[in-house]
Amino acid sequence: MAKFKFEYIWLDGYKPEPNLRSKTKVLEMDFFHGDIKSLPIWSFDGSSTQQAEGHSSDCLLKPVRVVPDPERKNSFLVMCEVLTPEGAPHATNTRALIEDDPDFWFGFEQEYVLTIEGLPLGFPKQGYPRPQGPYYCSVGLGNCAGRDIVEEHFDLCLDAGLDITGINAEVMLGQWEFQCFGKGAKRAADDLWLTRYLLHRVTEKHGVEVEFHPKPIQGDWNGSGMHTNFSNRDMREVGGKELIEEICDKFAVAHQEHIAVYGSDNEKRLTGLHETQSIHKFSYGVSDRGASIRIPVSTAQGWKGYLEDRRPASNADPYRVVARIIQTVKGVSGKTNGVTPQKEKSKN
């Protein structure tokens with residue numbers, strides 16, 4: 001028999017966005033090969049996480065995804081759903097909102113800023129660095145800052161078996177992005193939360209904070225988003241310009257419903273500047289990074305593939321984002337009804 005450490009991870013009840021919480025459970029086993037069903041439901045004090053009152057404080061943690069923890073011996077990371085004492089999804093359990101469908105694939109482009117004492121890495125204590133331009137996908141001292149932290153996080157995610165597909169320095173100094181992909185909405189969103197968890201843990205060691213606010217520095221600086229790429233089987237295998245445009249039209253009609261779950265303070269980022277569309281408008285276009293929905297060139301060439309929703313903020317809850325996208329896409333019949341919703345199409 002060996003002792004294994006399982007880090008139970010969940011989302012708390014804080015608003016407008018939840019925080020990650022975790023605690024370690026030791027289980028004695030002959031071996032563990034990743035069988036989620038062998039992990040027990042565990043409880044925690046919900047009165048300390050805005051999820052219960054003190055007179056009835058127990059909430060339950062149900063394991064839903066487990067991956068190796070590369071930093072600790074005999075250890076695993078366990079993403080959990082929060083349940084009530086009766087075993088029902090807790091009101092804060094946004095994962096339960098997802099109508100999971102293996103036909104849906106999601107890819108997230110998670111932007112974030114590494115900060116110290118409230119300033120992005122590389123920013124002087126007084127004033128500002130050079131204007132934006134040399135920092136995107138940059139290399140070299142003065143052009144990028146925090147690469148050692150980013151590379152350490154990248155390797156940890158790969159070692160954990162998370163489907164992180166790339167990294168790059170972003171448009172603002174101290175700003176970075178990683179990309180994460182998954183087949184199945186719940187698994188994709190689980191893995192994004194786990195990559196965020198590992199990022200927080202890595203930055204702890206370096207005395208640096210992770211800033212997910214969508215507009216951490218005011219002025220002529222890019223904000224941070226969580227661009228969400230999505231497709232289902234019809235989009236990938238059937239396709240057609242009519243289908244792709246009908247999906248975009250459905251997104252136009254549901255624009256406000258999407259914005260409502262796409263992260264707080266997003267109006268500070270979605271201004272129509274810095275590669276965004278205004279939060280008050282909806283548009284779509286081929287290869288248009290100033291649109292709400294970008295149709296990639298690869299999709300437009302044969303009208304099969306995926307779409308990129310550029311509206312989600314960097315602090316958005318991916319469970320809410322994918323749940324809303326699935327709801328809208330599933331409302332598409334594949335045939336237009338002759339009615340064009342009010343929207344602003346890109347000239348592209």
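The values are calculated or read from the model by the stated rules, or taken from the named source; none is laboratory data. These numbers come from a predicted model, not from an experiment. Reconstructed Cβ throughout: ideal geometry from the backbone, glycine too, with neighbour counts over all protein chains shown.
Points to keep in mind about this one:
- Yes/no for Asp101 being at pLDDT 95 or above and of a type in the set (Asp, Glu): no
- Cβ-Cβ distances below 9 Å connect the following pairs, each with a first residue in segment 320-334 that is more than 10 Å from Phe251 (Cβ to Cβ) and charged (D, E, K, R), a second residue that is part of a loop (DSSP other than H, G, I, E, B) and at pLDDT below 95, and a separation of six or more residues or different chains: Lys330/Glu99; Lys330/Asp101.
- Filter result for Phe230 (crowded, with 20+ Cβ neighbours inside 10 Å, within 25 Å of Ala185 (Cβ to Cβ), hydrophobic (A, V, I, L, M, F, W, C) and under 18 Å from the mean Cα position of the chain (by Cα)): yes
- Filtering segment 1-25 to residues that are among the polar types (S, T, N, Q), loosely packed, with under 14 Cβ neighbours inside 10 Å and assigned to a strand (DSSP E or B) leaves only Thr24.
- Test: residue in segment 160-177 that is polar (S, T, N, Q), within 15 Å of Glu111 (Cα to Cα) and buried (at least 20 other Cβ atoms within 10 Å of the Cβ): yes
- Residues that are over 24 Å from Pro134 (Cα atoms) and in contact (Cβ under 8 Å) with a residue 40 or more places away in the chain, drawn from segment 156-177: Leu156, Cys157, Asp159, Ala160, Gly161, Leu162
- Test result for Lys62, exposed (fewer than 13 other Cβ atoms within 10 Å of the Cβ), more than 14 Å from Trp193 (Cβ to Cβ) and not polar (S, T, N, Q): no
- Wholly enclosed helices (runs of 4 or more DSSP H) of segment 249-348 bearing at least 3 residues touching a helix residue (DSSP H, G or I) at 6+ places or on another chain (Cβ under 8 Å) and either buried (at least 21 other Cβ atoms within 10 Å of the Cβ) or at pLDDT below 95 (or both): 318-329
- Of all residues in segment 1-38, those satisfying the criterion of being under 30 Å from Asp265 (Cβ atoms) and of a type in the set (S, T, N, Q) are Asn19, Ser22.
- Tabulated pairs, segment 257-274, first more than 16 Å from Ile293 (Cα to Cα), second in a loop (DSSP other than H, G, I, E, B) and among the polar types (S, T, N, Q), C-beta under 8 angstrom, 6+ apart or interchain: Gly263/Ser314; Gly263/Asn315; Ser264/Asn315; Asp265/Asn315; Lys268/Gln218
- Scanning segment 36-59 for residues that are among the β-branched types (Val, Ile, Thr) and either surrounded by fewer than 20 Cβ atoms within 10 Å (Cβ to Cβ) or more than 20 Å from Glu17 (Cα to Cα) (or both) returns Ile36, Ile41.
- Members of segment 88-102 that are of a type in the set (A, V, I, L, M, F, W, C) and in contact with a strand residue (DSSP E or B) (Cβ under 8 Å, 6 or more places away or on another chain): Ala96
- Residue in segment 110-122 that is in the same structural domain as Ala313 (by TED's automatic domain parsing), surrounded by fewer than 16 Cβ atoms within 10 Å (Cβ to Cβ) and at pLDDT below 95 present: yes
- Every residue from segment 96-109 that is crowded, with 19+ Cβ neighbours inside 10 Å and assigned to a loop (DSSP other than H, G, I, E, B): Ile98, Phe104
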